[in-house]
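Coordinate-derived values only; no laboratory data. Since we're looking at a predicted model, the values are computed, not measured. Here the Cβ positions follow ideal geometry from the backbone for every residue, glycine too, while neighbour counts run over all protein chains shown.
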Amino acid sequence: MQAVQYTDHGGHEVVTYGDAPDPTVGRDEALVDVKAGALNHLDVWTRRGLPGLDLELPHIPGSDAAGVVREVGADVTRVEPGDRVAVSAGINCGTCEFCRQGEPTLCVDYQVLGEHTTGVHSELAAVPSDALVSVPDGVDWETAAAAPLVFQTAWRMLVTRGEIRPDDSVLVLGASGGVGHAAVQIADHVGCEVFATASADEKLAAAERLGADHAIDYTDSEFDTRIRELTDRRGVDVVVDHVGEKTWRQSLRSLAKGGRLLTCGATSGPTPETNVNRIFGNQLTVVGSTMATYGETEDALERVWDGTFTVEKRATLPMSETARGHELLESREGFGKVVVIPDSEYDE
Ligand SMILES: [Zn+2]
C-alpha cells in the first residue's frame with residue numbers, strides 16, 4: 001500500500017509518501033480502506049519528536065481518518081465489512097484503576113493512534129474496532145475524517161470538564177484552529193456568550209459565522225485588554241486556551257473572579273510563566289482535559305453528522321502533499337482542518 005511516512009524526526013520536509021507493507025489485522029482489529037484523513041497539531045509535534053516518545057521508524061503518522069471496513073479480526077463484533085467508519089484515536093487498556101472507574105482518558109497506558117502507535121494516513125489502516133465510530137450515509141469522507149479528534153477534545157473540555165452553562169461567557173483562543181473552531185460552535189450551541197480570537201479579517205468573519213458574538217483580532221490589541229473593555233472590566237467566566245506559553249498570562253488576566261481556564265494543548269510551548277497570586281486571589285480554576293470517552297465522542301459527532309456543527313477545511317490535499325499540510329498548520333495559514341486523501345482516491 002501507499003502511506004505517509006518518515007524515517008527521521010525533523011521539519012516538514014521529512015514527510016514522504018510511498019510504499020509500505022500492508023498492515024496485518026489483529027484479532028480485535030478492523031482493516032479500514034481509508035478514504036480521507038485529517039491533520040492535527042499532534043502530527044506536527046510527533047513529527048518533530050517528543051521527549052520520552054521512542055517511535056519505531058519509519059513511522060506512519062495520522063490520528064484522524066475515515067473509510068470503509070474491508071476485513072475484521074476473529075474477535076470483532078462491533079463492525080463488519082462494508083461499514084462506513086471514522087477513527088477515534090484514543091486507545092485505553094481497559095484494566096487499570098482509571099479504566100475500571102470509567103475514565104479511559106486517564107488510563108495509565110493511554111495511547112493515541114499516530115502518536116504512540118502506527119497512524120492512519122495510509123491507503124489501509126488496521127485499527128482496534130473499539131476505536132471506530134459509525135458514519136451515516138450522506139456524511140462526506142472529508143467531514144467524517146476531519147471531525148473526530150478536535151470535536152471530541154473540545155466537547156469533553158467544555159461540556160464534561162468545563163461544565164459550561166448557558167449563562168457563562170466563554171473566550172476561545174485561536175478560533176481558526178481545529179479545536180478552536182469546534183469550541184466556538186460548542187459554546188454557542190450550549191447558549192454561552194462567545195468571544196473568539198483570530199488574526200485577519202476573513203478568520204474573524206469565519207469565527208462570527210460559526211457562532212462567536214465577539215471576534216477579537218489578537219494582532220491588533222492585547223486580547224485581555226479587549227476582554228476587559230467588552231465585559232465592563234469584569235472578565236469572562238471561561239477561557240479555552242490551547243496555545244500555552246504565548247497566551248497563558250493574558251488568559252488568566254481575561255478571567256472574571258471565580259473563572260476557569262480550560263487547557264487541552266500548548267501549540268506555542270508548554271511552560272508559561274504563571275502569576276499564582278492571580279490564581280488564588282481571584283479563586284480561579286485551571287482545568288486540564290485531553291481526548292474523550294467513546295460516549296463523549298459520539299455525543300459530539302452526532303451533532304457533526306446532523307449538521308449542527310460544521311467542520312471547516314482550510315485545504316484538501318493528496319497524501320503525497322502531506323508535508324505541505326504540516327506547513328499550513330505551522331504557519332497558521334487558513335481556517336479549520338487540513339484534509340489528506342490517498343492519491344489513488346484523490347481527484348482534483
Ligand atoms: Zn487503562
Inset, instruction - List, largest first, the extents of the alpha carbons of the chain along their principal axes, each in whole Å. - result: 60, 44, 41
Inset, instruction - Step through the residues of the range 47-61 one at a time and calculate ³J(HN,Hα) from phi using the Karplus curve (6.51 cos²θ - 1.76 cosθ + 1.60, θ = phi - 60°), rounding each to whole Hz and writing x for Gly and Pro. - result: 4, 5, x, 10, x, x, 9, 10, 7, 6, 10, x, 10, 9, x
Inset, instruction - Would you mind estimating how fast the range 264-303 diffuses translationally, via Stokes-Einstein at 37 °C and 0.692 mPa s with the Kirkwood radius over Cα pairs, in µm²/s? - result: 250
Legend entry - Under the Karplus curve 6.51 cos²θ - 1.76 cosθ + 1.60, θ = phi - 60°, whole-Hz ³J(HN,Hα) for the range 109-118, x wherever Gly or Pro sits: 10, 5, 10, 10, 4, x, 9, 9, 9, 4
Legend entry - the range 61-138: proportion of alpha-carbon pairs further apart than 14 angstrom, %: 62
Inset, instruction - Within 10 Å, count the other beta carbons around each residue, average over each peptide in 85-91, 287-293, 206-212, 228-234, and list them highest first. - result: 85-91, 206-212, 287-293, 228-234
Inset, instruction - Classify the range 84-183 as rounded, prolate or oblate, taking a ≥ b ≥ c as the square roots of the eigenvalues of its Cα gyration tensor: rounded when a/c is under 1.5, otherwise prolate if a/b is larger than b/c and oblate if not. - result: oblate
Inset, instruction - Please label the shape of the range 112-163 as rounded, prolate or oblate, based on the square roots a ≥ b ≥ c of the eigenvalues of the alpha-carbon gyration tensor (a/c under 1.5 means rounded; beyond that, a/b larger than b/c means prolate, else oblate). - result: oblate
Inset, instruction - State the three equivalent ellipsoid semi-axes of the range 136-225, derived from the C-alpha gyration tensor as the square roots of 5 times its eigenvalues, in descending order and whole Å. - result: 22, 17, 11
Legend entry - Within the chain, helix-based [θ] at 222 nm, where runs of 4 or more DSSP H residues each add -39,500 (n - 2.57), nearest 500: -7000 deg cm²/dmol
Inset, instruction - Counting other beta carbons within 10 Å of each Cβ, put 337, 246 in order, fewest first. - result: 246, 337
Legend entry - Measure of compaction for the range 32-81 (Cα Rg per 2.2 N^0.38 Å): 1.48
Legend entry - Violating pairs (Cα-Cα greater than 26 angstrom) within the set 35/337; 203/257; 257/313: 203/257; 257/313
Legend entry - Whole-Å distance, taken between Cα centres, linking the range 264-311 and the range 1-70: 25
Inset, instruction - Kindly provide the pair-distance distribution of the range 7-145 built from C-alpha pairs, with 10 Å bins from 0 and whole-percent values in order of increasing distance. - result: 12, 40, 36, 12, 0
Inset, instruction - Just subtract the alpha-carbon distance of residue 24 and residue 221 from 0.36 nm times their residue separation and send over the number in nm, one decimal. - result: 65.6 nm
Legend entry - the range 149-163 - phi-based ³J(HN,Hα) in whole Hz, Karplus 6.51/-1.76/1.60, Gly and Pro as x: 5, 6, 6, 5, 5, 5, 5, 4, 4, 7, 7, 7, 7, x, 6
Inset, instruction - Provide 117, 95, 247 in ascending order of the number of other Cβ atoms located within 10 Å of each residue's Cβ, fewest first. - result: 95, 117, 247
Legend entry - Taking only Cα atoms of the range 217-291, radius of gyration then Dmax in Å: 11.8, 35
Inset, instruction - Please pull out the direction-averaged projected area of the range 240-338, using the convex hull of its alpha-carbon atoms, in nm² to one decimal place. - result: 8.5
Inset, instruction - Please work out, to two decimal places, the log10 of the ratio I(q)/I(0) at q = 0.11 Å⁻¹ from a Debye calculation in which every Cα of the range 167-310 carries one identical scatterer. - result: -0.38
Inset, instruction - Using only C-alpha atoms and all pairs of different ones, pull out the Kirkwood radius for the range 143-183 in Å with one decimal. - result: 10.7
Legend entry - Other-chain or far-sequence residues with amide H under 5 Å of residue 71's (modelled H): 31
Inset, instruction - With viscosity set to 0.692 mPa s and temperature to 37 °C, compute the Stokes-Einstein D of the range 177-262, Rh being the Kirkwood radius across alpha carbon pairs; µm²/s, no decimals. - result: 255
